Amino acid sequence: MAGPASTSEGRKLKRGFGLLTFLGAILVLGGIVGLIYTGVATLTSMILFGWLLLVGGLVGLLQAVQSRGSNFFWLGVVVAALNLAAGIVVIRHPEGTAEALTMFAALLFLTGGVFRLVGSVVVRGPQFGWTLVQGAFGVLLGLFVLFDWPHSSLYVLGCFFSLALLFDGLGLIAIGTGGRQIVDNLVASATPEDQEESHN
């Protein structure tokens, strides 16, 4: 592995890891901008979500047409039609969609937190304290979003979307820089005979 890594394959690997690092930096930048402008990030995420539904509906409709005559034809048509309709609604009314999804997210936080609290008290397992803290945090977060709704829909989804971009970008940067260091170590550990043989 040392010989190939010290030649063109090693350079290709370094370029690939460098591209990952660059993409990660773009995602981190997008996440930071989204955290600053959470309202814009919320509307952007809703529009992207709507277009994903539209594309998914079109792909599902094409698959349904290709599988006509099968038992799943009408099911595929119905699911594709629902995706198309939902995509159109989301794109035409991103604010209303954000409000509905924010309410749904708040209810998820609230119910999930209550279940964790009750479960931690009833079971009292080895992770009792950590589960209790998670449950309390979920309940508080759900109540905070609910009490500030519908105003919270302007920033909650955008904040989550931006945080996802930020952490994904940091993960890509870590993979890219770590991969480049591994390739550099392989090249540095190559013996002079390996490097001379690989050049020949």
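The values are calculated or read from the model by the stated rules, or taken from the named source; none is laboratory data. These numbers come from a predicted model, not from an experiment. Quick reminder, even Gly has a Cβ in these numbers, built from the backbone with ideal geometry, and neighbours come from all protein chains shown. What goes into the accessible areas is simple: the full protein's heavy atoms, side chains included, and nothing from ligands, DNA or RNA. Shrake-Rupley method; radii C 1.70, N 1.55, O 1.52, S 1.80 Å.
Listing for the model above:
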quantity: Failed criterion for residue 17 (all others in (1) within 30 Å of residue 183 (Cβ to Cβ); (2) open to solvent by less than 60 Å² (accessible area, probe 1.4 Å); (3) in contact with a Leu (Cβ under 7 Å, 6 or more places away or on another chain) hold); calculated: (3)
quantity: Failed condition for residue 51, given (1) of a type in the set (A, V, I, L, M, F, W, C); (2) modelled with pLDDT of 80 or more; (3) open to solvent by less than 30 Å² (accessible area, probe 1.4 Å); calculated: (3)
quantity: Pick from segment 83-95, criterion open to solvent by 80 Å² or more (accessible area, probe 1.4 Å) and of a type outside the set (A, V, I, L, M), ranking: modelled with the lowest pLDDT; calculated: 95
quantity: Meets criteria (at pLDDT below 85, touching a Leu at 6+ places or on another chain (Cβ under 6 Å) and within 30 Å of residue 182 (Cα to Cα)) for residue 80; calculated: no
quantity: Residue list for segment 64-91, filter: without any contact (Cβ under 8 Å) to a residue 40 or more places away in the chain and within 22 Å of residue 44 (Cα to Cα); calculated: 82, 83, 84, 85, 86, 87, 88, 89
quantity: Residues satisfying the stated conditions in segment 103-141, i.e. more than 21 Å from the chain's Cα centre (by Cα), small (Gly, Ala, Ser) and surrounded by 14 or more Cβ atoms within 10 Å (Cβ to Cβ); calculated: 113, 119, 120, 135, 136
